[in-house]
1. In the stretch 125-164, what count of residues is obtained for those that are open to solvent by 50 Å² or more (accessible area, probe 1.4 Å), in a strand (DSSP E or B) and within 20 Å of Ile108 (Cα to Cα)?
2. Return a yes/no flag: does the stretch 86-97 have any residue that is at pLDDT below 90 and surrounded by 15 or more Cβ atoms within 10 Å (Cβ to Cβ).
3. Just need a number here: residues in the stretch 238-286 that are in a loop (DSSP other than H, G, I, E, B) and either free of Cβ contacts under 8 Å to residues at least 60 places away in the same chain or more than 27 Å from Val355 (Cβ to Cβ) (or both).
4. Given the conditions (1) in contact with a Phe, Trp or Tyr (Cβ under 6 Å, 6 or more places away or on another chain); (2) under 23 Å from Thr601 (Cβ atoms); (3) of a type outside the set (Ser, Thr, Tyr), and given that Leu519 satisfies all but one, which numbered condition is not satisfied?
5. Answer yes or no: is there a residue in the stretch 556-569 that is in a loop (DSSP other than H, G, I, E, B), more than 22 Å from Ser469 (Cα to Cα), open to solvent by less than 80 Å² (accessible area, probe 1.4 Å) and not β-branched (Val, Ile, Thr).
6. Residue by residue through the stretch 485-505, note down the ones that are more than 17 Å from Cys563 (Cβ to Cβ) and of a type in the set (Val, Ile, Thr).
7. Could you please find all residues in the stretch 165-203 being outside any strand (DSSP E or B), open to solvent by 80 Å² or more (accessible area, probe 1.4 Å) and among the charged types (D, E, K, R)?
8. Could you check, for the stretch 20-42, whether at least one of its residues is surrounded by fewer than 17 Cβ atoms within 10 Å (Cβ to Cβ) and either farther than 30 Å from Leu437 by Cβ or at pLDDT 80 or above (or both)?
Amino acid sequence: MKSQQGKASVVVAKMIFPRARIINTIHKTLILLLGCFAQHISATTIEPEPIAVIASDTVNEWQHILADPSKNDRYYLISASGNFHALNKDTFDQKPFFSLQDINVNAIKLTAVALHPNFSIRDQVGFHVFYTAHIEPTVKNKRTNRIKGSQTEVLFDLVINEWQMLKGNTVDKDSLREVIRIGVPSESAHVTQLAFSPFKKSWNDDFGLLFIALTQDPQHNKVPLYSGAILRINPEKFGLRNYTIPNNNPFINQDDINNELFIIGVQALDQFIWPRKVDSSFLLSHEYNNERLLTIASPKDDYRQISPTNSLLKHTEPVKNHGLIAYNGRLLMHLWGSTVFLSEEDGNWQLQSLVITDHSDQTRAPVVEWQYQPENLNDKGPLVIFQDAANEILVLNQTNHQLSKLTLPLLENNTPNETLNMDSENEKSYINLIYLLAILIIIIAMLWMITIFLKKKTSSRHILAHQYSAIKFSESKEHISLFKYHQKKADVVLNVSDIVESNIILNDAIFNTIDHEHLFSNNAEKDLREQFNNERLNKMVSDRIRQLNIKFISKNEHEYAVCIYLRKGDNRITRKKFGDSVEYAIDWCWTVSKSISPTKTEQRNKRPEQREEMLKAPLHQQLMQTKTDPAQPLNPEPKVASSSDNHNSAQKSELSKKIPQDPLPTNHHDTTINTELVDALEKLANLKQRGALTEQEFELAKQKVLQGLLK
């Protein structure tokens, strides 16, 4: 029950507060503001701060550099041959602590490495676990589980392995576990990147999913697997399977496309990142039709026939390998939230920044933030950039082996010998002050607007306006139509037979669940009514919200939530009263239960058990008991003037005409009888109005009252 309540709370919260949209808007606005007001910071003010010199006797260039997330001053440097070296603070270990070729002599080249997102968290799945990708020749006449493209001949295997690291920078060689093997026709198709989403947390459903960047094979780029693709799998072992495929992978129902594929047709894919925290888009660095592109892509994108339409940047020189970073550090605040990349042209290396918006045509042009100016022309490069554990940008010169961190220099104090133009410096100070004040004013205005916006979002009418508010059955009772608030045209039409689960949700808590294992019954109806009666006892203060939702799940796992009752304080938004909404919800439970399992669902009693018990005892006793029993309120809602009140008054008038018009009683006993008679008839009218009594039951009860009280 607790997990169901939590799930329901998330569903209702998403309906009420589109939090991701708000955060996305704030995030992009602040980035654009910082980008605009920080342009007065000259690109030359960014300087590299030396950290260590990494010189190896056996490695000329490093293929990958990874920061240990548990320690800011520990790094792992990996060569293309598969040798792993450690750098602790400024101490570099020349001897590799792990070598892939010592274990697998068939490995041609190590192409990608990734640390599990729980790498630094003890007692969690993934602690000190890392993954490697390498290419090796296919062993013929050996049966091996692999994925491959249709009828293409496989000559090489791309193998992704899982390893366990021990204390002291050692790797347990016996922990080797093959996760996935991909058959490819040539060496040109290889894994260029392994990555986990940096924004997913352990409580997210898609936490720990491994994304695999696979570049194209030019001779077979119409085959989805070899067209340049991103794959998504769950690398954890499940039974006899070394990995599993998420159920929501976009191509899972297409027979001609491998289920593991996530994005296809991007051709020569170098690298991808998640540029924004609040959505699922990717920023790809790739070559498409001989053009270098930075492209925003989404799950299920297929560029085999249609060229990318959301390319942010076209350039002649590629973004350098692993040189694409979504910056979220603190040292370079004017770059926060921007995408930075390293490019090179004619030996000139530049770090550029790019602010990404929802529309590519509104994205501002890249800004050069830093240019590499070597003291020695022999040390012009090549350069590699990556991030440390604090998301700061590190630069490694592969020629002189200098590792540096990019930062803003501290301003030195002025000295008498300085020949700076002080008037110019004062003018710059005033300009900076104006920029700062403008930013503060804009931020305060934004916070004020956000406060008003969130206050409006919490209004009851706004809650109802952003979800379904009515269900209508077709004449055949085989289809249902869902309507938005104040909409006459159905937004969704579904088959009743497609519904596999239904939940009754009151104030974010699941009161009842119906599926193949939990069918509705008369006892369940009784329990449900008791819970609703308990809710009626809660006083509706001014800011308290009472909301009754019906949520159901279809065969394709789509969820639909319908708000059939909503009230905030004394203001009821929906047309139906709470009692009528309860009856509607219970009728829905019986309908769904019979649709899921018509043979196993028991026959519903002709009337609720509460009504049967009420009619067993003498009616005037039950009416008097109901009058004094607060647990059974007949009319819990506040009095609202409506046409139903006039109808109720008409019924009372009709009843009063049928009562013998005797003279007014002259003693106390007659007065008591007359008072009880009026009270009894009034309660009967209320019961009939609420649907608790049929016309026949009403007439029978009326006769009993008249006979019992007028004797």
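The values are calculated or read from the model by the stated rules, or taken from the named source; none is laboratory data. Only a predicted model underlies this, so the values are computations on that prediction, with no experimental measurement involved. We place every Cβ from the backbone using ideal geometry, glycine too, and count neighbours over all the protein chains shown. In case anyone asks, the SASA skips ligands and DNA or RNA and just uses the protein heavy atoms, side chains included. Shrake-Rupley method; radii C 1.70, N 1.55, O 1.52, S 1.80 Å.
1. So the count comes out to 1.
2. Looking for residues that are at pLDDT below 90 and surrounded by 15 or more Cβ atoms within 10 Å (Cβ to Cβ), one finds at least one in the stretch 86-97, hence yes.
3. The initial filter retains those residues of the stretch 238-286 that are in a loop (DSSP other than H, G, I, E, B), namely 239-240, 242-243, 245-260, 265-267, 274-281.
Pick out the ones that are also either free of Cβ contacts under 8 Å to residues at least 60 places away in the same chain or more than 27 Å from Val355 (Cβ to Cβ) (or both) and you get 239-240, 242-243, 245-260, 265-267, 280-281.
The number of residues fulfilling the criteria is 25.
4. Of everything listed in (1) in contact with a Phe, Trp or Tyr (Cβ under 6 Å, 6 or more places away or on another chain); (2) under 23 Å from Thr601 (Cβ atoms); (3) of a type outside the set (Ser, Thr, Tyr), Leu519 misses just condition (1).
5. No, the stretch 556-569 has no match at all.
6. Selection gives Val493, Val496, Ile499, Val500.
7. Lys167, Glu187, Lys201
8. Yes; the residues of the stretch 20-42 include at least one that is surrounded by fewer than 17 Cβ atoms within 10 Å (Cβ to Cβ) and either farther than 30 Å from Leu437 by Cβ or at pLDDT 80 or above (or both).
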